[in-house]
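Below is one structure, written out as structure tokens, with a few remarks after it.
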Amino acid sequence: MLHRIKEFFFPPAVSTRAELQAFMTGEAAYLAQKTVIGYCRVKTMLDYEKLLTEAPFHDGHEICRWEAYASTLGDIIIMTESWLRPETPDARRRLADSLAGLYPLILNESVPVHRQNWADAIAAFNARYAQTHLEAALPPELIVTGSAALIHELVPIADRLKRNDREVILGDLRLHILAAHASMLKRFDRDALVTALMH
């Protein structure tokens, strides 16, 4: 119990590639699940638990959570690259390449039943990342706009009920990624991570 309290107030540092991978996996999953489940709960109210027992809602809910996870994982990697980014072009490229390799590594740890593989998600991330790591770093709250649009499209709520809710979803995601960013600033040993990722 004391150990858990200590970790809450003094979370362990992230200084190795393995620790970074665990951080990214956890934060991306939290962003996706908290946003999807929170939105569905608000829209369905007391019927949420009952709806989860019905196949159409349950299956759509699972698809949305997994696809959101693939998207928020990309968001977390892009946010991480923006903050760790070295000054010299060669070091910047090497770090960016190393971080890019974490995306398929993490995503391929689990393939949900509605997919045969993550090939299209990996290709989409690579295309997006090829641009973002060359451009000026975006603030965290602007990184998640694509994820919000994806969740809005896939969440298993009738179109007439969710039509005007994209900004609601985006607002929720922004709060969560800002919390992830604050955790990153608190926990990351920047120099150790840059060294670990480039070797």
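Here are some notes:
- Residue in region 168-188 that is β-branched (Val, Ile, Thr), under 18 Å from Tyr30 (Cα atoms) and not in a helix (DSSP H, G or I) present: no
- Look at (1) closer than 23 Å to Gly60 by Cα; (2) open to solvent by less than 40 Å² (accessible area, probe 1.4 Å) and you find that Arg163 fails only one, number (2).
- Meets criteria (open to solvent by 30 Å² or more (accessible area, probe 1.4 Å), of a type in the set (A, V, I, L, M) and within 29 Å of Pro56 (Cβ to Cβ)) for Val168: yes
- Single unsatisfied condition, Ala124 versus (1) under 30 Å from Ala55 (Cα atoms); (2) touching a strand residue (DSSP E or B) at 6+ places or on another chain (Cβ under 8 Å): (2)
- Where helices (runs of 4 or more DSSP H) sit wholly within region 75-157, those with at least 1 residues that are within 17 Å of the chain's Cα centre (by Cα), aromatic (Phe, Trp, Tyr) and under 30 Å from Val42 (Cβ atoms) occupy 119-132.
- Ile106 within 18 Å of Ala22 (Cα to Cα) and either modelled with pLDDT under 95 or not hydroxyl-bearing (Ser, Thr, Tyr) (or both): yes
- The listed residue being at pLDDT below 95 and over 25 Å from Ser15 (Cα atoms), out of Leu150, Leu161, Leu173: Leu161
- Residue in region 106-123 that is open to solvent by less than 60 Å² (accessible area, probe 1.4 Å), over 24 Å from Trp66 (Cα atoms), touching a residue at least 40 places away in the same chain (Cβ under 8 Å) and aliphatic (A, V, I, L, M) present: no
- Some residue of region 110-117 being charged (D, E, K, R) and touching a His at 6+ places or on another chain (Cβ under 6 Å): no
- Residue in region 37-45 that is at pLDDT below 95, open to solvent by 70 Å² or more (accessible area, probe 1.4 Å) and out of contact with any helix residue (DSSP H, G or I) (no Cβ under 9 Å at 6 or more places or on another chain) present: yes
- Matching entry among Glu87, Glu19, Glu49 (being open to solvent by 30 Å² or more (accessible area, probe 1.4 Å), at pLDDT below 90, under 15 Å from Val194 (Cβ atoms) and out of contact with any helix residue (DSSP H, G or I) (no Cβ under 8 Å at 6 or more places or on another chain)): Glu87
The values are calculated or read from the model by the stated rules, or taken from the named source; none is laboratory data. Everything quoted here is computed from the prediction, not taken from an experiment. Ideal geometry is used to build each Cβ from the backbone, glycine not excepted, and the neighbour counts take in all protein chains shown. For the accessible areas, the whole protein counts, side chains as well, though only heavy atoms, and no ligand, DNA or RNA atoms are used. Shrake-Rupley method; radii C 1.70, N 1.55, O 1.52, S 1.80 Å.
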